Structures are given as structure tokens and as C-alpha cells.
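J.: Pasting in a structure now, in C-alpha cells, and then I'll have a few things to ask.
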Amino acid sequence: MTSRNTTPLFSLASDEDEAPASSTPASDMAYRLAFGAIGWPWLLFSLWGGRKAEKRRLLERVGLREDALPNLGSWKADTGFLHRIVDAVEELRPANVVELGAGATSLVCAKALEQNGGGTLHSYDQHAGFVQATREWLAEEGANARMAHAPLTASVPGWPGRWYDLSNLPDTIDLLIIDGPPWSVHPFVRGAADCLFERLSPGAIVLLDDGARPGERIVARRWRERWPQIDFERVAGSTKGTLVGRKRRSAEVVAFPQKAAPARSVGWQRAAMLALAFAGGWIVNATVGEQPASAASFIEEADASYHASQARLRMASQLESPLLDRREIASATGINLPAIPADWALKDVQVYPSDHGPAVALVMETAAGESVSMFATRAETPAEKLPLLETREGRSLAYWESGPFAYALAGEVGSDRVLSLASALAAES
């Protein structure tokens, strides 16, 4: 289980004592197909487990040798999520950590606890053999955790899919790490982790891996509605995104509200319609519900910037400024721009005011002669490094984030083409 060993691309097969596939409702199967069709970009993006330099820094933070961790990525946590775990342990110095889904997270968390107060890690996984192997792995590295086999034979009212059969849970949880079950059980299955939220201590932190995936975004929306005492925010820094929740310490909030169970699944017909609607690949914003106001504002401003830039090009009285000094723009506005391909031609570079502060708009011509504009500012959107798509009356707009910055590429070109162009720019941001 170290980098000396090979690890499979996909998660482990189900154990024999889990609920049989024949007992899975048809609607759950349809949702798997639908979200499998729209989720392939996240699967491909997840193959990258993080930079080697970040992995080395992580190993140094928790005092592990160079080959102590497996090759990260795919169904395993990446370096970004593992660093978030160490950050939380250093901040909270928790007495009790509960982890759903064992693996590299178990070793990193156990070593971080050892260095920060010596709390207890309670780790649960559905694979009995993997639990035993992880227990032996931690022992080899001098780490301790309470490892437990928790087959997927339970269910949580209001949430689809099979859930962990959890036992011997601590009464209070200071840090909750959610890295399972896999989405193949059901795209929303990790939402059932809120059955543990009543155990969260004041100031406790929840870390949900894969927070940028379509299913987890819907889970996050429901959690925000059902648990107003916990502030949830999706943060960048990992390949698949991380949702961070913090339970407020405020004395005004004492008891959790009585929660009505969410509406049951609308059945296989709705799921089948989703599969047909999104089989092309990329998820659209309607799937994740209403966007945050800041994201909607950013998209509207990016679209307006495109129109303004095109208008400038048509006006003789408005002189274009095709000079781009990325360092000067960063110094003056605080905005870092990605590198522009050498074979693209810059037509205009302008600094605009926006709802989010200074913004930069670039008009460019690609090597294929396509006219596109890029809008950049500081904003929070549902995107990560992997661009998401909007379409507006013949225009395509793809947007992504890098650190605190949001970028949008717009043009009257096909959706697939603008996504391809945006992905190339995102790789440079």
C-alpha cells in the first residue's frame, strides 16, 4: 500500500456481506447511469493525484518516509485533500476524528493526530480485507487508529443508496472526514453522513472529498438547507474539490432543528430523462440547482464583458490596446492571468470595474481564427480547474477557477470547442 506497490484505477469490488446488486432499486441504477454519463470528466481529472512537490511536503508535515504513501489519485485521496486533513487536525487538535472510507487518509490523519495532541481516529470502511490491510499498514508506519469494518447494509431515511453499518461511534465528533462510499453506490449516497452531524462538537469541521462532482454538489445544497448551524463552503486546492463544513460555536444555536426528510427519488423515469439529457458529458448548472449569487453575477458580468469587447472592436472611436503585461496587471489589480498560447493574437486588453472588484478582459483570436474573449476577476463559482459550461443565444461560455480567481472564456463557437480552449487555458492558470 505504499508507492512501491501498484494500485488499481477503480475502487474495490463489493464484499459478499453487502447488500446484493439485485436489491438495488431501478431508480438508483438509472441515477448511476445518468451521473456516470455526466461524471466522466471528473473521473479523468481525478487521475492526477497532485504534484510530487506537494506530496513531499505532506510527508514532511506528518513525519513519514518518502515511499510511505501509495500513488495517489483515481479513487484515492489526492494531496490537496490530505493537506486539508492535516490543516484541520493542526487547527482543532481534535479528541475524536471519524473517518468514512479508509486508506491514505487514515495514515495521514493518524500521524497528524500523533503530532497534535494525540486524539483518536475512528476509521470505517466497507471492505473487511482492506480494513485489515490498512490496520497492518498503519502499524508498519508506527501509527494508531481504531479501524472497523462497516459493511454497506444500513440505510438512512431521506437518502438513497446503502450506508455504513456503523458501531462504537464516539459520542462527540470534532473532525468528520467523508471519503466514502463511492459514487457508484449512488451519486447522493454521501449525503447520508449527516446522520452523524448531531454528534458534532461546537467548532467541529466536516471534510467531504470529491466536492466538485455533480452528486456532491447536490448533497451540499441539501446540507445547507437542512443544517443552518453548519457553514459549508467548497474550496479549491484539490483535483476533485473539497466541501468544508464548520459547526458554529454561537450560543444562539443550541439544538439542531427537526428535519423533514427530503422528497423521495422521483423514480427511474426522471433518472432516465437525466441520462438522456446529459449523456453528452458535461453537467450544466440546472442539474446542481440554483447557483450562488456570486457565481451568477460572475457569469452575467463575463457575458456582458464579451458584448462590450465586441462592441469596442466595431467602434472606430474606441482604440484597442493589444499590449499584455501580466506582471503589471497582477501588481495593479491583484489578478493573475494564465499564459496565452503563443499562436493566439491579442486584439484588446482592458481593465473593468465589477461587482467583485477589478476585472480584466482580453479579446483574442485563436490559431484557427476564432474570436474569443476572456474575463478574469476574484469570485466564487461552482467550478474548479475543470471548466463548466454556459450557453447563451448562440454563445458558449466556459468558466473555471484557480485559487481565488475565476476565469471565463466566451465566444460564438461550439460548446465542445470553447470547453477545449478553456481547458487549455485552465491548465496554465
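J.: Restricting to segment 137-180, and then to whatever is of a type in the set (D, E, K, R) and at pLDDT 95 or above, can you tell me which residue is farthest from ALA220 (Cα to Cα)?
T.: The extreme case among them is ARG146.
J.: One residue is enough: does segment 161-174 have a residue meeting the conditions touching a Lys or Arg at 6+ places or on another chain (Cβ under 8 Å), of a type in the set (Gly, Ala, Ser) and either crowded, with 21+ Cβ neighbours inside 10 Å or assigned to a helix (DSSP H, G or I) (or both)?
T.: No.
J.: Does any residue of segment 183-190 turn out to be open to solvent by 40 Å² or more (accessible area, probe 1.4 Å), in contact (Cβ under 8 Å) with a residue 12 or more places away in the chain and either touching a Ser or Thr at 6+ places or on another chain (Cβ under 7 Å) or in a loop (DSSP other than H, G, I, E, B) (or both)?
T.: Yes, that holds for at least one residue.
J.: Spot the failing condition for ALA295; the list is (1) open to solvent by less than 60 Å² (accessible area, probe 1.4 Å); (2) assigned to a helix (DSSP H, G or I); (3) modelled with pLDDT of 85 or more, and only one is missed.
T.: It fails just one condition, (3).
One line per residue, one yes/no per condition, for (1) within 22 Å of the chain's Cα centre (by Cα); (2) open to solvent by 10 Å² or more (accessible area, probe 1.4 Å):
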site: SER317; (1), (2): no, yes
site: ASP343; (1), (2): no, yes
site: LYS347; (1), (2): no, yes
site: MET374; (1), (2): no, no
site: ALA427; (1), (2): yes, yes
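J.: Oh, and also: List every residue pair whose Cβ atoms sit under 6 Å apart, with the two residues 6 or more apart in sequence or on different chains, where the first one lies in segment 93-113 and is part of a helix (DSSP H, G or I) and among the hydroxyl-bearing types (Ser, Thr, Tyr) and the second, anywhere, is at pLDDT below 95 and open to solvent by less than 10 Å² (accessible area, probe 1.4 Å).
T.: These pairs meet every condition: THR105/ALA77; SER106/THR134.
J.: While we're looking at this one, here's another question. Being open to solvent by 40 Å² or more (accessible area, probe 1.4 Å), in a helix (DSSP H, G or I), closer than 19 Å to SER429 by Cβ and small (Gly, Ala, Ser) narrows it down to one residue among SER305, SER331; which is it?
T.: Result of the check over SER305, SER331: SER331.
J.: Which is of a type in the set (Asp, Glu) and touching an Asp or Glu at 6+ places or on another chain (Cβ under 9 Å), of ASP194, ASP125, ASP174, ASP165?
T.: Residue meeting the stated conditions: ASP125.
J.: While we're on this one: Quick one: which residue in LEU169, LEU175 is aliphatic (A, V, I, L, M) and within 26 Å of the chain's Cα centre (by Cα)?
T.: Exactly one residue qualifies, and that residue is LEU175.
J.: Further question: What pairs can you find where one residue is in segment 224-239 and at positive phi, the other is open to solvent by 60 Å² or more (accessible area, probe 1.4 Å) and at pLDDT 90 or above, and their Cβ atoms are less than 9 Å apart, with a gap of 6+ or different chains?
T.: Every condition considered, the pairs that remain are GLY237/ARG84.
J.: Just for segment 132-157: of the residues that are surrounded by fewer than 20 Cβ atoms within 10 Å (Cβ to Cβ) and of a type in the set (Val, Ile, Thr), which one is nearest to LEU69 (Cα to Cα)?
T.: That would be THR153.
J.: Still on this structure: Looking at segment 136-160 only, could you name the residues that are of a type in the set (D, E, K, R) and part of a helix (DSSP H, G or I)?
T.: GLU136, GLU140
J.: Turning to a different aspect of this structure: Give all pairs with beta carbons closer than 6 Å in which a residue from segment 352-371 that is on the phi > 0 side of the Ramachandran plot meets a residue that is among the basic types (Lys, Arg) and in a strand (DSSP E or B); count only pairs at least 6 apart in sequence or on separate chains.
T.: Close Cβ pairs satisfying both conditions: GLY357/ARG378.
J.: Still on this structure, I have one more. Only one of these is open to solvent by less than 20 Å² (accessible area, probe 1.4 Å), farther than 28 Å from LYS385 by Cβ, among the hydrophobic types (A, V, I, L, M, F, W, C) and modelled with pLDDT of 95 or more: LEU208, LEU200. Name it.
T.: When all the criteria are applied, what remains is LEU200.
J.: Restricted to segment 83-94, and to residues that are of a type outside the set (A, V, I, L, M) and open to solvent by less than 20 Å² (accessible area, probe 1.4 Å), which residue is modelled with the lowest pLDDT?
T.: HIS83
J.: In segment 376-404, how many are under 16 Å from the mean Cα position of the chain (by Cα), among the hydrophobic types (A, V, I, L, M, F, W, C) and open to solvent by 10 Å² or more (accessible area, probe 1.4 Å)?
T.: Residues in segment 376-404 being under 16 Å from the mean Cα position of the chain (by Cα), among the hydrophobic types (A, V, I, L, M, F, W, C) and open to solvent by 10 Å² or more (accessible area, probe 1.4 Å): 1 in total.
J.: Quick check on this structure: which one of GLY73, GLY80, GLY117 is assigned to a helix (DSSP H, G or I), among the small types (Gly, Ala, Ser) and either at pLDDT 95 or above or surrounded by fewer than 24 Cβ atoms within 10 Å (Cβ to Cβ) (or both)?
T.: GLY80 is the lone residue from the list that is assigned to a helix (DSSP H, G or I), among the small types (Gly, Ala, Ser) and either at pLDDT 95 or above or surrounded by fewer than 24 Cβ atoms within 10 Å (Cβ to Cβ) (or both).
The values are calculated or read from the model by the stated rules, or taken from the named source; none is laboratory data. If you're wondering where the values come from, they're calculated on a predicted model, not measured in any experiment. Cβ atoms come from the backbone with ideal geometry, glycine included; neighbour counts cover every protein chain shown. Please note that ligands, DNA and RNA were not included when accessible areas were found on the heavy atoms of the full protein model with its side chains. Shrake-Rupley method; radii C 1.70, N 1.55, O 1.52, S 1.80 Å.
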